[in-house]
Amino acid sequence: MSQTKLSNIETDRVTPSLVDVELILRALDTPANLAAEVSGLARLAHTEWQSKRTSWRRGLEKRQCELAALEAEAVTLRYFLPAMVTGLLATPEYVRASLGHSPMNTFTVYDHRLATVETFTGRIVFQDARDVAEHLEVFDRYQRHASFGEEARGLLSSWAGQYRS
């Protein structure tokens, strides 16, 4: 790590990434329990909570401007908008798969740099590369099992026919 970067971290001009923190902790030969605590704090520094009430007070137009700016900068957007099929339409295989690993939160990943997770009461913004990577893994896991285009239309048509008969 360069002296300039270390100085910027020490003078609070730059928030260190989790990798930066791990490098510093290793260089200082920090005891494992303290290193785990400091790494946890660094991860929190790259996570932000925004309550819905705060967004409403600031105004929805500001929220829309923030989203527009994020989307304008991104090359690839991944929107994860889960909905569970319930009742008679859910096959046993579907239920088993959904209960096996289901993070039923709505989230958006902007390239590989940022993930936002929507909850009922607000939004969590993850900037740590590890958190973003975990959301990309969830997205990819579901995408591998998804149907698109003509295949999806064919399946829906077939199911509709079976349901009506």
Kindly indicate which of LYS62, LYS52 is at pLDDT below 85, in contact with a strand residue (DSSP E or B) (Cβ under 7 Å, 6 or more places away or on another chain) and basic (Lys, Arg).
LYS52
Within segment 1-28, which residues are surrounded by fewer than 16 Cβ atoms within 10 Å (Cβ to Cβ) and assigned to a loop (DSSP other than H, G, I, E, B)?
MET1, SER2, THR11, ASP12, ARG13, VAL14, THR15, LEU28
Of the conditions (1) open to solvent by less than 80 Å² (accessible area, probe 1.4 Å); (2) of a type in the set (S, T, N, Q); (3) touching a residue at least 40 places away in the same chain (Cβ under 8 Å), THR119 fails just one. Which one is it?
(3)
Test GLU93 against the stated conditions and say whether it is modelled with pLDDT of 90 or more, of a type in the set (D, E, K, R), assigned to a helix (DSSP H, G or I) and open to solvent by 60 Å² or more (accessible area, probe 1.4 Å).
no
Considering (1) open to solvent by 20 Å² or more (accessible area, probe 1.4 Å); (2) at pLDDT below 90; (3) within 16 Å of GLU71 (Cβ to Cβ); (4) in contact with a helix residue (DSSP H, G or I) (Cβ under 8 Å, 6 or more places away or on another chain), say which one HIS112 fails and leave the rest.
(2)
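A quick yes/no check of all residues on (1) out of contact with any Gly (no Cβ under 8 Å at 6 or more places or on another chain); (2) under 25 Å from VAL19 (Cβ atoms); (3) basic (Lys, Arg); (4) not in a strand (DSSP E or B):
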site	(1), (2), (3), (4)
PRO103	yes, yes, no, yes
PHE107	yes, yes, no, no
THR116	yes, yes, no, no
VAL125	yes, yes, no, no
ARG130	yes, yes, yes, yes
GLU134	yes, yes, no, yes
GLN143	yes, no, no, yes
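The values are calculated or read from the model by the stated rules, or taken from the named source; none is laboratory data. What you see is a predicted model, and the numbers here were worked out from it, not measured in a lab. All Cβ positions, glycine included, derive from the backbone under ideal geometry; neighbour counts span all protein chains shown. Ligands, DNA and RNA are excluded from the accessible area calculation, which covers all protein heavy atoms including side chains. Shrake-Rupley method; radii C 1.70, N 1.55, O 1.52, S 1.80 Å.
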